[in-house]
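A quick write-up on the structure given underneath.
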Amino acid sequence: MTAATEHSPVDASKSSPAIHANNVIIKNVDGKGRGVFANQDFKQGDLVIVGKPLEIIKTRTMTSLQVAWDDHAELDEPACVTNHSCDPNTGIKNNEHGGYSFHALRDIAAGTEITWDYNTTEYLSIAVPSCCCGSDNCRGQTPGFKFLEEELRSRFGDYIGGYLKEPENA
């Protein structure tokens, strides 16, 4: 992968997309607000986004990602504006910064929106009461990992928040 020049965070009032160091851009998405798009081709397994915490908090918010049973992180851009899909093209793994890295679950062509499944970090989710991902296998909601069927849990394999692999309050 070729590294692009890193820019300042995107001002939501501007319509021009910003290119980030990991070769993705943020731009407006009809019906979803902002979203992240590939600015290059990614191969299955490639690192697409590195999400670094700006703050660790004890209470979940509409924009936080759960990183431990009792901790939630507000991540930097572009991670914090990556949209949900019930058929995501990236999966998350814990990273050395205390946030999540997003890895390609399949090949992703330049221009494609980067998505992940919110249920893979949130034990109980409040972010998307009604899903608008538009995928053929849309589940209609993102209630959280607690409510995922075992088949869906196993489909994500290692691409779930590390704390979800441990017993609650371990």
Next on the checklist: Go through the stretch 92-123 and report how many residues are within 19 Å of Asn23 (Cβ to Cβ) and over 9 Å from the mean Cα position of the chain (by Cα).
Outcome noted: 15
Checklist outcome for this item: Checked the stretch 125-154 for anything modelled with pLDDT of 90 or more and basic (Lys, Arg); matches are Arg139, Lys146
Checklist entry - What about Ala68, is it surrounded by fewer than 20 Cβ atoms within 10 Å (Cβ to Cβ) and over 25 Å from Lys43 (Cα atoms)? => result yes
Checklist entry - Is there any pair linking a residue in the stretch 125-137 that is farther than 13 Å from Thr61 by Cα to one that is of a type in the set (D, E, K, R), with Cβ under 8 Å and at least six apart or on different chains, and which? => result Cys131/Arg139; Cys132/Lys32; Cys133/Asp87; Ser135/Asp87; Asp136/Asp87; Asn137/Asp87
Item to check | Those residues of the stretch 47-64 which are open to solvent by less than 40 Å² (accessible area, probe 1.4 Å) and either without any contact (Cβ under 8 Å) to a residue 60 or more places away in the chain or out of contact with any strand residue (DSSP E or B) (no Cβ under 8 Å at 6 or more places or on another chain) (or both), in sequence order | outcome: Gly51, Pro53, Ile57, Ser64
Checklist entry - Which members of the stretch 94-111 meet the condition of being in contact (Cβ under 8 Å) with a residue 12 or more places away in the chain, over 20 Å from Ala38 (Cβ atoms) and open to solvent by 50 Å² or more (accessible area, probe 1.4 Å)? => result Asn94, His97
Next on the checklist: With the structure loaded, tell me whether Lys146 is surrounded by fewer than 17 Cβ atoms within 10 Å (Cβ to Cβ) and under 12 Å from the mean Cα position of the chain (by Cα) or whether it fails that test.
Outcome noted: no
Checklist entry - Do we have any residue at all in the stretch 1-15 that's assigned to a loop (DSSP other than H, G, I, E, B), at pLDDT 90 or above and within 18 Å of Ile114 (Cα to Cα)? => result no
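The values are calculated or read from the model by the stated rules, or taken from the named source; none is laboratory data. The model shown is predicted, which means the values in this text are computed figures rather than measured ones. No Cβ is skipped: glycine too gets one built from the backbone with ideal geometry, and neighbour counts run over all protein chains shown. To get the accessible areas, we keep the full protein, side chains included, count just its heavy atoms, and leave off ligands, DNA and RNA. Shrake-Rupley method; radii C 1.70, N 1.55, O 1.52, S 1.80 Å.
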